[in-house]
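The values are calculated or read from the model by the stated rules, or taken from the named source; none is laboratory data. Since we're looking at a predicted model, the values are computed, not measured. Counting neighbours? That spans all protein chains shown, and the Cβs are built from the backbone with ideal geometry, glycine included. Note: areas computed on protein heavy atoms with side chains; ligands, DNA, RNA excluded. Shrake-Rupley method; radii C 1.70, N 1.55, O 1.52, S 1.80 Å.
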Amino acid sequence: MSEAEAKKPQESLQDRLAQVIDLLHRQRLVEQLAHRQEGGHHELVENLVHRQNLAELQRKLDDLHPADIAHILEALPLDDRLTVWQLVKAERDGDILLEVSDAVRETLIADMDDHEILAATRDLDADELADLAPELPRDVVHELMETLDAQQRERVRSALSYEEDQVGALMDFEMVTIRDDVTLEVVLRYLRRLKELPGHTDKLFVVDYDGMLQGVLPIKRLLVNDPDKKVAEVMATDPVGFQPDEDAYEAAQAFERYDLISAPVVDKSGKLIGRLTIDEMVDLIREESESEVLNMAGLREEEDIFASVWKSVRNRWAWLALNLITAFVASRVIGLFEGSIEKLVALAALMPIVAGIGGNSGNQTITMIVRAMALDQVGTGNTMRLLRKELGVGLLNGVVWGGVIGSVAWYLYGSWSLGAVMTGAMTLNLLLAALMGVLIPMTLARFGRDPAMGASVMITAVTDSGGFFIFLGLATLFLL
């Protein structure tokens, strides 16, 4: 696929977003003009134009996939978002609620009454209902459960019984099961009688009469083998499978490693209870990636970019408060060397360079370590080797780039000793950044916290304070 072809869907989505925004803008503009008109036809003109704009906007929305509408809703301010949401057909509400982010979903559900929520969720599958249930009003959930048949109700309760980061919370109950003692021709006739196959069906699950998983029959084997063969002759007896209490992110890694599209979920006795599909795994990986980025910046949760000021402040204040404290510590470190700075003003101009390069290097190290930990590449057996490697990188970078900036300092201020101090301070601060870049995420993980949680904030605090102290301390010791 060419680069242009790869970008086409994204460009098309952005074009549609621009068209929706333009229609909303035109609607507001025409309404403002209509309000300024005088005469008996004022209300008639206003209503006619209003309906025309909404009808055109609704036609555009009807042509869009639920995921595209979700993207548009996330990109609109609250008032425009609710205007568009009201134009979406009721039968599509449930699919769109599943696609939008948690923060945006909260605003949409708040705009719906109980009747609308029930209508939107009534046709969803059990696993989809389980995804939405924690965010719905409790009385609506109870009423919704009453409308389900016994099997669906049990499936929803089963999915809700697991933590959100466990396989059981993500498994799909819609799957095709067959016996191993029938021929492939019988299986083909059985599939033809079905109205449709569940999404992402690349294999059929072979079970015995007690529901115990015996193996899987890939669709490609079903199609290319002799129809007279028995399922037992061509099925795979050692499929990659999962248990419902396993970590979902580890399952996602297995999907990536083995190029899976679907996989069985079995209980401890080996009974088939559901399946995992690639779409859920892709969503999980994306959410984990977004969460990691937010955590590194010290944000507590995903934030609606058009959320109220108060909500955004609550999401951000904790790590800003910590950052303020660390900045105050850094300022106190500088205060210890006020006398040195007064005697050699060049120190004030050069010390931010040492701190800034140290923070950048530390963030690079932390990013590599957090990624390695997410991929289970870091263990007790290779921690020291990894630490030595990062210290070596810091030492080499410090000598090279410290030498460069030291030479520049020598040239600008005519002091070779100042250049030497600059080189030494840069090298020591990059070594400190490498050390803390490894220790911070590993320490967080050891205490059961997300290794990315506020890591960039902490490493910046350490390298700022450490960089100032090292540079000003060396300058005081050797230059003054």
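Between ASN382 and ASP62, the modelled label-to-label distance comes to 5.7 nm, taking each label 7 Å out from Cα in the direction of the beta carbon.
Using DSSP to define loop residues, name the trypsin sites (Lys or Arg not before Pro) in the range 150-204 whose beta-carbon has at most 11 other beta-carbon atoms within 10 Å.
Hits after loop and neighbour filter: LYS195.
Shape descriptor for the range 91-217: Rg over Rh equals 1.05 (Cα atoms; Rh from the Kirkwood inverse mean 1/r). The trypsin sites (Lys or Arg not before Pro) of the range 53-133 that DSSP puts in a loop, and whose beta carbon has at most 11 other beta carbons within 10 Å, are LYS89.
The orientation-averaged projection of the convex hull spanning the C-alpha atoms of the chain amounts to 34.1 square nanometres. Summary of packing: across the peptides 439-448, 273-282, the per-residue average of other C-beta atoms within 10 Å ranks them, highest first, as 273-282, 439-448. Farthest towards the positive end of the charge dipole of the chain, among the residues GLN152, SER465, TRP416, is the Cα of TRP416, using unit charges on the Cβ of Lys, Arg, Asp and Glu.
Sorting 167-175, 336-344 by their mean Cβ neighbour count within 10 Å, with the most densely packed peptide first, gives 167-175, 336-344. Take TRP317: with every protein chain present and a 1.4 Å probe, its accessible area is about 140 Å².
In a DSSP loop and with at most 16 other Cβ atoms within 10 Å, the chymotrypsin sites (Phe, Trp or Tyr not before Pro) in the range 182-251 are TYR209. When ASP79, ASP111, ASP181 are compared by accessible surface with a 1.4 Å probe, the order from highest to lowest is ASP79, ASP181, ASP111. When the Cα centres of the range 407-457 and the range 103-154 are compared, how far apart do they sit, in Å? Measuring centre to centre over Cα atoms gives 51 Å. Using just its DSSP H runs of length 4 or more, each adding -39500 (n - 2.57), the chain gives a mean residue ellipticity at 222 nm of -22500 deg cm²/dmol after division by all residues.
Accessible area of GLU288 (1.4 Å probe, protein heavy atoms only, ligands and nucleic acids ignored): about 80 Å². Of the residues LEU97, LEU439, ALA248, the one whose Cα sits farthest towards the positive end of the charge dipole of the chain is LEU439 (charges of +1 on Lys and Arg Cβ, -1 on Asp and Glu Cβ, taken about the Cα centre). When both bridge partners sit in the chain, DSSP labels roughly 85% of those beta bridges antiparallel.
The amide H of LYS203, built 1.01 Å from its N in the peptide plane, has ILE219 as neighbours under 5 Å, considering only residues 5 or more places off or on other chains.
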